[in-house]
Structures are given as structure tokens and as C-alpha cells.
Amino acid sequence: MRCDDCPAVEAGEATCAICGAVLADVLCLGHAPIANQLRDHDTDPILTHACHVAACSLCTTVQLVSRPSAAVLFDDSYPYRSSQSLTMVRSAATLARYMTQALNLGGGDRVFEIGSNDGYLLRHYLRDGVAVHGFDPAVGAAEDARLVGVDTTCVHFDSEVGRAFEGKARVVHAHNVLAHVDDPDDVVAGIARLLTFDGVAVIETPWLAALLDAGAFDTIYHEHRFYWSVRSLAALLARHGLSVMGIEHLPDLHGGSVRLFASKVDGWSIDVAHTLAGERLAGLDQPSAWARRFAIIHRGQVETLRRWFEQVDPVAGYGAAAKAAVLLHVLDVAGPRWVVDSTPAKQGKWTPSGALVLPPDALDERVPGDCVVFPWNFADEIAGKAQRYVASGGRLWALMPNVRRL
Ligand code: DWN
């Protein structure tokens, strides 16, 4: 595959968005569709953009060489809702309860979330009587959040927004945000501004080591401008006086995520040091080395999955996920003509691959056959919801990190 960014990468002219050093080539996914652009009609144009992954030779941050702006990607019609996944909601409820008890939150404390989506997390703090405030650029998601009582400012968060609420946050959450924003350095500056002197930032993001281990190329798309290792993320936080005090590994979230706890108060826990040592062992501090291995794995995966689609030719899909758009684009296969999804904002729309999005019960109204579960990261949850389909002879498949029946 080639794209408009290939020449700059090959000429050593592509530079890091964080530190400005030269970017080393990792993987080109061609001109990929904008993964979450769901269209009203199948004849509506499909927007594409170069999708080329590279790694900084100095700070090791992995990133897309270019992409449409966040304002284009996360516009008023952005359809993703975090609450559509019980796995996400349960993880959020547990975290909110833990933070409330661990920090003895109450009284004048306020908890903020950047990228608060539909209030999937902050609503759990509200239940425990803790004051909250969310920031999210997607109008629809912000409206859904207000419906559950979460006060939300509809804005792309940055250091200026952080200034307006300076020193007000005992906790700031930024889950699946620092991969998505145009300027993570400015967002982290805003987080540092928001925090009280003893405040805690909780940063959750898909982990680069998990992506490479799974060969999960379907999680590489324009919404994800950055692909963080703990090493590169800790370095970014340190630029703004935030020290990583703790880490949680979340294998069930988005194919493998990490949750970092950071504060202005110095601290360096053994589990953080252990993870950093593991990243060094995996060679994550040597981008050119792991990039060659990743490219070889990727080529093998593409061949295997193309053969699977030729042999199985699934009639249906489950989950109009961004991953689906990337997977079908890279494999250059049409995929199923319809896909079910529980997100009301997605139903009735057409995916970038030309599939019509239907409510989940459509699965039981059609002749059972082979159905590919595109959000493999929620395969167990979805398999639990599609038992009737399986009982009537339907066959559910997950394709990443390897092909398996559910
Ligand atoms: O970073 C991002 C992550 C957090 O989620 C965003 N860029 C967009 C999004 O990526 P994705 O679309 O690949 O996410 P998911 O969460 O893997 O996709 C799940 C899709 O499947 C959603 O459209 C909802 C749907 N779904 C469903 O219909 N029934 C999901 C579950 C769990 C279900 O039971």
C-alpha cells in the first residue's frame, strides 16, 4: 500500500508532532476511509485520507504522519457512545467507586473528565454525591450526558479551557483521549492546570505493546493519531510536572489498555518501573527494530484474513465499529452487506464499507449464517447477546488477534 505521506517518510522529512525529530517508517494503510463517518445513503461519498504510521526516532512516540483535524473527525454527528458497551460501563463504575473511596472524595471536591462522551463514567461519581463536569466536542454525546445529569461543556479541551477551571480538579480523567487529540502536549498542559496541588490525573489509553502483540492493525485509523507506550506517555506527562504514580493493565478494554495515575506530587511505583522494563525488553525503545517485526506479522495476517473472507464470505456483521472500516479497507474485501449495532445514532446509516446498520434484533429476523464480530475486544459480551442467533444455527466469528469461533 502507498499514500500521500509515503514520500515524506521515505525522504526522512516527516517529523514528530511531540518533539520535532525525524519519524521512522512503521506501516502504510493507504488512503483509508474515515472510520466512523456513517452515511445517510450508500451513494453518499466516502471520505478517505492517508493513513501512515511512523515512530519518532527520539521520543519514540508512535503516530500518524497526517490526518484530518479533530474538528472534522469528532464533529456534531460523531456517533460513538461509550455506554453501548457494558464492559466499558462496568469498568467505569468500579473505577469511580475506587477513586471516591481512595481519595475520600466529597464536600467541595470536583471530578472532571476530558472526552466524557455520554456520561458513562461521571454519572457514577454523581451517584456517590461527588460534583462532576465533563468536556466533549460531540454535541450528541454531550446531550446524552446531560440527560443523566452530567454537566458537560461541548468543546475540544485544551490548555485555555483548563485555565478557565484552574486548580478546581481533585481528579481529572482522560480516557481514550490522548490518542485522539491533535495536540496532546497542550491537552496535558490543560490537565496540569485543572488539577489541585494534590489532584490525580487518570489517563487511560490503548497500549502500544498490546497492539503490536496482537497485530491489531484494525485499531489504526484517523481517530487515533497517537499510539502510546508507557515510556512515551510518561515522558509527555513529565513535561508538565506530572509524575506517574501507578499503573493498571486493562486487557479487556479496546484490545489491551493501560490506566496511568499521575500527579504533581513526585512518586514512582514499582509497577510503573516493571512495565517500563517490560517495554524495553519488547524493544519499544527501538522503533526501527519492532517496526520491521510488526510489518512482517501484518503481512501474514492480511493473507490469512483475506483467505478467511474468500472461504467464509460472512452474510452479517455485529458492531458497526471503526475497526470494521479499517479491516475491510486493508483487506480490500467488501464484507457483509448489513451489520447490527445497539447504538441508536448508528442505526439506519451506511458504513464506509457499504453495510447498512440495523438494530441487534435484526440478527434473529434473518436466515442464520456466518456473522463476523468486528469489535473483537468485546467478543464475549456480544457472544452473550447473540445466543439466539447461535442456537438457530448462526456462526459467530472474531478475527483478531486470531480467527476463532465464539
Ligand atoms: O477510541 C475509540 C474507541 C474507544 O471506540 C473510538 N475511536 C471509537 C471506538 O472505536 P470502535 O468503534 O472500534 O469501538 P468499539 O467499542 O470496539 O465498537 C463497538 C461497536 O459495537 C459500537 O458501535 C457499539 C457496538 N456494540 C454493540 O452493538 N453491542 C458493542 C457492544 C459491546 C455490544 O454489545
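The table below gives the values:
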{"read-out": "Count of the range 128-142 residues which are of a type in the set (D, E, K, R) and modelled with pLDDT of 95 or more", "value": "1"}
{"read-out": "Residue match in the range 77-90 (condition: within 14 Å of the ligand (Cβ to nearest atom), touching a His at 6+ places or on another chain (Cβ under 7 Å) and within 27 Å of ALA169 (Cβ to Cβ))", "value": "no"}
{"read-out": "Residues that are polar (S, T, N, Q) and not in a loop (DSSP other than H, G, I, E, B), drawn from the range 196-240", "value": "THR196, THR205, THR219, SER232"}
{"read-out": "Pairs with Cβ under 8 Å, 6+ apart, first in the range 243-255 and closer than 19 Å to MET99 by Cα and among the polar types (S, T, N, Q), second modelled with pLDDT of 95 or more and not in a loop (DSSP other than H, G, I, E, B)", "value": "SER243/LEU237; SER243/ALA262"}
{"read-out": "Matching entry among ALA210, ALA235 (being closer than 22 Å to VAL65 by Cα, surrounded by fewer than 18 Cβ atoms within 10 Å (Cβ to Cβ) and more than 13 Å from the ligand (Cβ to nearest atom))", "value": "ALA235"}
{"read-out": "Search result, residues across the range 160-193 that are more than 22 Å from the chain's Cα centre (by Cα) and free of Cβ contacts under 8 Å to residues at least 60 places away in the same chain", "value": "GLU160, VAL161, GLY162, ARG163, ALA164, PHE165, GLU166, GLY167, LYS168, ALA169, ARG193"}
{"read-out": "Criterion (farther than 30 Å from GLU143 by Cβ, surrounded by fewer than 23 Cβ atoms within 10 Å (Cβ to Cβ) and in contact (Cβ under 8 Å) with a residue 24 or more places away in the chain) met by exactly one of TRP338, TRP397", "value": "TRP397"}
{"read-out": "Subset of the range 241-257 that is of a type in the set (A, V, I, L, M) and assigned to a strand (DSSP E or B) - its residue that is farthest from ILE270 (Cα to Cα)", "value": "LEU250"}
{"read-out": "Total residues in the range 194-220, condition in contact (Cβ under 8 Å) with a residue 60 or more places away in the chain and of a type outside the set (Gly, Ala, Ser)", "value": "13"}
{"read-out": "Residues that are at pLDDT 95 or above, assigned to a loop (DSSP other than H, G, I, E, B) and surrounded by fewer than 19 Cβ atoms within 10 Å (Cβ to Cβ), drawn from the range 1-15", "value": "ASP4, ALA11, GLY12, GLU13"}
{"read-out": "Every pair of residues 6+ apart whose Cβ atoms lie under 8 Å, when the first sits in the range 1-30 and is touching a residue at least 24 places away in the same chain (Cβ under 8 Å) while the second is basic (Lys, Arg)", "value": "ALA17/ARG225; CYS28/ARG2; GLY30/ARG2"}
{"read-out": "The one condition in (1) surrounded by fewer than 21 Cβ atoms within 10 Å (Cβ to Cβ); (2) in contact with a helix residue (DSSP H, G or I) (Cβ under 7 Å, 6 or more places away or on another chain) that VAL150 fails to fulfil", "value": "(1)"}
{"read-out": "Top-ranked residue of the range 107-138 - restricted to ones that are assigned to a strand (DSSP E or B) and of a type in the set (Phe, Trp, Tyr), ranked as nearest to ALA169 (Cα to Cα)", "value": "PHE112"}
{"read-out": "Search result, residues across the range 346-394 that are touching a residue at least 24 places away in the same chain (Cβ under 8 Å), among the aliphatic types (A, V, I, L, M) and touching a strand residue (DSSP E or B) at 6+ places or on another chain (Cβ under 8 Å)", "value": "ALA355, LEU356, VAL357, ALA362, LEU363, VAL372, VAL373, ALA379, ILE382, ALA386"}
{"read-out": "Qualifying positions in the range 53-73 - more than 9 Å from the ligand (Cβ to nearest atom) and either charged (D, E, K, R) or under 18 Å from PHE135 (Cβ atoms) (or both)", "value": "ARG67, SER69, ALA70, ALA71"}
{"read-out": "Any hit, the range 24-43, residues being among the small types (Gly, Ala, Ser) and assigned to a loop (DSSP other than H, G, I, E, B)", "value": "yes"}
{"read-out": "Selection count where residues are out of contact with any strand residue (DSSP E or B) (no Cβ under 6 Å at 6 or more places or on another chain), in a helix (DSSP H, G or I) and surrounded by fewer than 19 Cβ atoms within 10 Å (Cβ to Cβ), scope the range 310-325", "value": "2"}
{"read-out": "Sole exception among (1) touching a Pro at 6+ places or on another chain (Cβ under 9 Å); (2) at positive phi for ALA210, by number", "value": "(2)"}
{"read-out": "Residue within the range 175-185 that is in a strand (DSSP E or B), within 16 Å of the ligand (Cβ to nearest atom) and out of contact with any helix residue (DSSP H, G or I) (no Cβ under 6 Å at 6 or more places or on another chain) present", "value": "yes"}
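The values are calculated or read from the model by the stated rules, or taken from the named source; none is laboratory data. Computed from a predicted structure; not experimentally measured. Here Cβ is always computed from backbone atoms with ideal geometry, including for glycine, and neighbour counts include all displayed protein chains.
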